[in-house]
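All of the numbers you see were taken from the coordinates with simple rules; none came from a lab. Because the structure is predicted, anything quoted here is derived from the model rather than measured. Don't worry about glycine lacking a Cβ; one is built from the backbone with ideal geometry, like all the others, and counts go over all protein chains shown.
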Amino acid sequence: MAYKWTDVYMIAEDLADAFPDQDPQYVRFTDLHRWVCELPNFEDDPKRSNEKILEAIQMAWIKELE
């Protein structure tokens, strides 16, 4: 299934699997943006992201690890 920027929970699950040693609380948004764009199931326009979306992904990733 292809992900878009609005699929924050699915993206967070994939990030947790891809970067198990990362603490998402300390990830810079520039790195987060790049990592999301590099996910195999991600197929949205990289320019469509914004700080609000990246923050939502970061928060979902934090919750995924709880």
ask   = Hey, any hits in segment 48-56 for a residue that's over 19 Å from MET1 (Cα atoms), exposed (fewer than 15 other Cβ atoms within 10 Å of the Cβ) and either of a type in the set (A, V, I, L, M) or touching a Ser or Thr at 6+ places or on another chain (Cβ under 9 Å) (or both)?
value = no
inquiry  = Step by step: first the residues of segment 1-29, then only those that are within 12 Å of ILE53 (Cα to Cα) and in contact (Cβ under 8 Å) with a residue 40 or more places away in the chain, then the one that is surrounded by the most Cβ atoms within 10 Å (Cβ to Cβ). Which residue is that?
reply    = ILE11
